[in-house]
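Just below is one structure, and these are the notes that go with it.
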Amino acid sequence: MKVSVKKILSDYTTLVTFVVLVFVLAVLTRGQALSWASIKTLIIAESVRAFASLGVGMIIITKGIDLSIGYVVCLCASVAASFAQIPTYESALYYGHSFPLFVPIVAGILAGGVFGLFNGTLVAYGKLPPFIATLGTMSLARGIQLIYTRAAIVGSLNANFKALAQSSLFSSVPFLGIYVLVITILVWVLLKHTKQGTNFYAIGGNAQAARVSGINVERDLVCVYLYAGLLYGCAGVLQAGRLGLANALTANGMELDAIAAVTVGGVSQNGGVGTVTGMIIGVFTMGLINYGMSFLSIDSYYQLLVKGSIIIIAVFFDMKKYAKRA
């Protein structure tokens, strides 16, 4: 019996952690945490991070990393917002010009895709370590965002654009939650039911063995960073719509949140291991931790300490777990 319980805890650590957190919060809030209003708030708060987490989760499966997430999402949000401003707004970047709704959406997503493609090219063909490559593009994205917006707030967005992220289905189910569900299914299909998804796991497990087996490692690495970039673009568009603006602080620190979420969700830093379900549970686990600390009136500065500690602890046990199997 002890062995089976230990195995369950080992195999379903992420889910068990999530359930325990829900139970603890339910007790602390006297059931308030389980109300639909609280659940809805959690979904809205974590939805944008879910897109970023799914992107970096795929990258980590290939044994890579992406430090540029926060500033790339910030840039994408700014680009999308600039095309969604009310044309009569005096400080509009494109004063006097009104664009169809699809323009800011496509522009924001493409901006993310360009950076993802650039990251992938640097890693796959430039042979730069992912840490160094994405550290460089993080600074590039930051600089481009400041130049493009002239370090100003991009505000006064039109109602149709904001409705994409602020509206709800039947006045109760937020559209953001529906978007997350759809993209989660698409990423799950990609990773579990396509040859390329299998290749991602093979590359993360042993890139040299994957190359010998006929996998085009460089091409697939470019693709995984490209897919991640497109997801960051989606995150940027939704973040701008949700906030109704974009500025230099938009998505600040999102790379920490996303990496922490997927690490807690069981995506191994050693590569080749991770599930979409785990990524999403990791996102909402981190969301519950934030919600709990806010409810307990813990200073937001201390939340950064908690997130950093969670990453260190999760990676430590991850490495220990797979070292034993090796």
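A short reminder: the numbers here are calculations on the coordinates, not readings from a lab. Just so it is clear, the structure is predicted and the values come from calculations on it, not from any experiment. So basically every Cβ, Gly included, is an ideal-geometry build from the backbone, and we count neighbours across all protein chains shown.
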Rounded to the nearest 500, the 222 nm mean residue ellipticity computed for the chain from DSSP H runs (n ≥ 4, each -39500 (n - 2.57)) alone is -24500 deg cm²/dmol
Gyration tensor on Cα atoms of the range 136-227, a ≥ b ≥ c root eigenvalues, a/c under 1.5 rounded, else prolate if a/b beats b/c, else oblate, says oblate
So for the range 100-159, using the alpha carbon gyration tensor with a ≥ b ≥ c as root eigenvalues (a/c under 1.5 gives rounded; past that, a/b versus b/c decides prolate or oblate), I'd call it oblate
Contour minus Cα-Cα span, residue 20 to residue 127, at 0.36 nm per residue, comes to 34.3 nm
At the level of C-alpha centres, the distance separating the range 219-280 and the range 70-121, in angstrom, is 18
If one builds a Gaussian network model of the chain from Cα atoms under 10 Å apart, the most fluctuating residue listed among 272, 282, 55 is 272
Binned at 5 Å from zero, the C-alpha pair distances of the range 1-155 give percents of 2, 8, 12, 14, 13, 12, 12, 12, 9, 5, 2, 1, 1, 0, 0
Output ordering of 68-78, 168-178, 15-25 (per-residue mean of other Cβ within 10 Å, highest first) is 68-78, 15-25, 168-178
Label model pair residue 86, residue 34: point-to-point distance (7 angstrom along the Cα→beta-carbon line) in nm is 4.4
Given 42-49, 127-134, 182-189, the highest-first ranking by average Cβ count within 10 Å works out to 42-49, 127-134, 182-189
The correct pair for the range 171-326, radius of gyration to one decimal and Dmax as a whole number, both in Å and from Cα atoms, is 17.5, 54
Between residue 295 and residue 212, Cβ-based FRET efficiency (R0 41 Å, step 0.05) works out to 0.20
Ordered by fewest other Cβ atoms within 10 Å, a rough proxy for footprinting exposure, 218, 90 read 90, 218
Note on the chain: the mean projected area of its alpha-carbon convex hull, in nm², is 18.4
Among 40/307; 192/307; 40/162, the pairs whose Cα-Cα distance exceeds 26 Å are 192/307
In a Gaussian network model of the chain with springs linking alpha carbons closer than 10 Å, the residue among 225, 94, 179 that fluctuates most is 94
